[in-house]
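Taking it in order: structure first as structure tokens, then the write-up.
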Amino acid sequence: MQKSTQGSRLVVKNVSKDFGNFSALRNINLDIQPGELVCFLGPSGCGKTTLLRIIAGLEQQTSGMLFQGEEDISLQPPSARDFGIVFQSYALFPNMTIADNVAYGLRCLRVPKAQIKTRVAALLETVGLPDQAKKYPTQLSGGQQQRVALARALAPNPGLLLLDEPLSALDAKVRHHLRTEIRQLQQKLGVTTIMVTHDQEEALAMADRVVVMNNGVIEQVGTPMEIYQQPASAFVAEFIGSMNFIGHSAVTGRSAQLDARVLALKQPISVVQDNIRLAIRPEDVHLQPLDGPGWTAQVEHLDYLGAFIRAQVTLREWGLSLLVDVDPRTARQLGLSRGSWVNVTLPSDSLHCFAA
Ligand code: ATP
């Protein structure tokens with residue numbers, strides 16, 4: 001309890017994990033800085049929970065090493081490691097009061113009673129539950145129970161806070177509210193935090209850096225902006241947000257046209273013709289009036305999504321269908337409706353190139 005409030009640095013070095021013949025993680029390398037909030041994000045089965053469990057010592061890596069600060073924790077049991085953990089399912093002790101739940105880790109560390117009392121009261125205040133100390137978990141809502149789980153994890157002042165899908169059991173409104181609270185609290189305390197999530201919006205909103213995983217490997221590590229704006233692979237581009245892929249067949253034979261009319265591609269044209277996939281986000285595709293620049297396209301479908309309209313347009317000449325996000329005012333000016341015609345431009349600086 002007298003430890004520094006500074007979070008730990010965590011280094012994961014060449015960690016792999018096999019379950020029998022199945023390779024769940026391959027050569028994972030990460031360097032997480034003190035006070036950072038890092039999200040492990042990826043589709044179901046990509047290995048994010050396994051990696052979190054290895055960091056906690058709940059699962060043993062097949063090979064590789066882990067360092068917390070200067071300490072080699074690769075072979076330490078969970079009880080010897082300095083972390084607090086929160087699970088999706090709250091996992092509170094049902095027969096203990098809220099105060100006793102929060103005090104649990106401190107009792108295990110044999111912290112003096114008076115100190116425990118003060119610390120528990122302060123933590124319940126911090127997570128917004130100062131009046132709930134004497135209640136039992138079943139008397140609280142899901143969101144409140146998860147706040148208690150957070151207070152319990154933070155009680156021993158760990159260097160590392162591990163969150164395993166902590167918000168996914170909660171309804172949308174509580175989830176939004178709690179994610180802001182968790183982020184603010186984490187920043188205030190400076191505790192290094194790793195959160196597993198499959199919710200990209202949550203990861204982009206909360207994380208300093210996002211680790212995008214797929215099939216047991218890391219596809220990209222970057223700030224939310226880097227991940228969104230400069231996806232390192234077609235997988236990341238497709239997994240985060242929406243992306244139009246312009247297939248090879250659509251590009252072949254049109255590269256000169258592309259170059260002349262829109263792109264001024266940084267890559268040589270020969271690269272475009274060989275095995276490169278071009279891609280562009282719906283908000284980066286521009287619609288113009290029919291007498292403007294670009295390719296003629298017909299509107300197939302319109303979805304009104306409140307802040308913007310998502311249009312599906314087809315460039316008949318290309319045999320290519322694109323999603324385009326348009327603000328409602330532009331949509332009105334262009335007279336967008338199902339079946340109407342517009343011109344489409346693809347700004348060169350918004351195009352992404354991936355190996356096919
Ligand atoms: P989810 O979002 O569905 O929880 P995840 O990305 O967290 O997925 P993991 O739970 O880490 O994925 O699992 C990664 C892979 O390892 C999966 O294919 C899973 O079936 C497998 N796996 C995990 N634990 C075990 C185990 N104890 N024995 C065998 N295979 C396992």
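The values are calculated or read from the model by the stated rules, or taken from the named source; none is laboratory data. Keep in mind that this is a model prediction, so the values were computed, not measured. Positions of Cβ are generated from backbone atoms using ideal geometry, with glycine treated the same way; all protein chains shown enter the neighbour counts. Surface areas here come from the heavy atoms of the whole protein model, side chains and all, with no ligands, DNA or RNA. Shrake-Rupley method; radii C 1.70, N 1.55, O 1.52, S 1.80 Å.
Taking springs between alpha-carbon atoms closer than 10 angstrom, which of Ala169, Ala114, Ala234 fluctuates most in the Gaussian network model of the chain? Checking each option, the largest mean-square fluctuation is seen for Ala114. The residues of the chain expose, per residue, 48 Å² of accessible area to a 1.4 Å probe. Rounded to the nearest 10 degrees, the angle from helix 98-108 to the longest Cα principal axis of the chain is 70 degrees. Compared with the direct C-alpha span, the chain from Ser337 to Asp303 gains 11.2 nm at full extension, assuming 0.36 nm per residue. Loop-resident trypsin sites (Lys or Arg not before Pro) (DSSP state other than H, G, I, E or B) in the stretch 114-188 with no more than 15 further Cβ atoms inside 10 Å of their Cβ: Lys134, Lys135. Accessible surface comparison of Tyr90, Tyr304, Tyr136, Tyr228, probe 1.4 Å, protein chains only, largest first: the order is Tyr304, Tyr136, Tyr228, Tyr90.
Computed over the stretch 103-257, the quotient of the alpha carbon radius of gyration and 2.2 N^0.38 Å is 1.40.
Once backbone amide H atoms are built at 1.01 Å from N, Ser63 has Ser16 as its partners under 5 Å, excluding neighbours fewer than 5 places away on the same chain. Between Leu154, Leu346, Leu162, find the one with the highest GNM mean-square fluctuation for the chain; connect C-alpha pairs within less than 10 Å. Greatest mean-square fluctuation among the candidates belongs to Leu346.
At the residue level, His176 shows approximately 80 square angstrom of accessible surface with a 1.4 angstrom probe and all protein chains present.
Summarising the overall dimensions of the chain from its C-alpha atoms, the Rg and Dmax are 25.1, 79 angstrom. With Cα atoms as the point set, the stretch 19-70 shows a radius of gyration and Dmax of 11.8, 37 Å. Straightening the chain between Asp82 and Arg329 buys 83.5 nm, computed as 0.36 nm per residue apart minus the Cα-Cα spacing.
Inter-label distance, Arg316 to Ala172: 3.8 nm, where each label sits 7 Å from its Cα along the C-beta direction. Ignoring any ligand, DNA or RNA, what whole percent of the accessible area of the chain comes from carbon and sulfur when the probe is 1.4 angstrom? Within the chain, the accessible surface is 51 percent carbon and sulfur. Spread over its residues, the convex hull of the C-alpha atoms of the stretch 1-137 is 144 Å³ per residue. Our coupling estimate for the stretch 154-165, obtained by passing each phi through the Karplus curve with A = 6.51, B = -1.76, C = 1.60 and θ = phi - 60°, is 7, 3, x, 6, x, x, 9, 10, 10, 10, 9, 6 Hz, Gly and Pro reported as x.
Our estimate of slack between Asp349 and Ser233, defined as 0.36 nm per intervening residue step minus the Cα-Cα distance, is 40.0 nm. Among the GluC sites (Glu not before Pro) found in the stretch 43-109, those both in a DSSP coil and sparsely packed, with 15 or fewer other Cβ atoms within 10 Å of their Cβ, are Glu70. Per residue, the convex hull spanned by the Cα atoms of the stretch 99-154 amounts to 67 cubic angstrom. Computed on the stretch 281-356, the Cα convex hull volume stands at 100 Å³ per residue.
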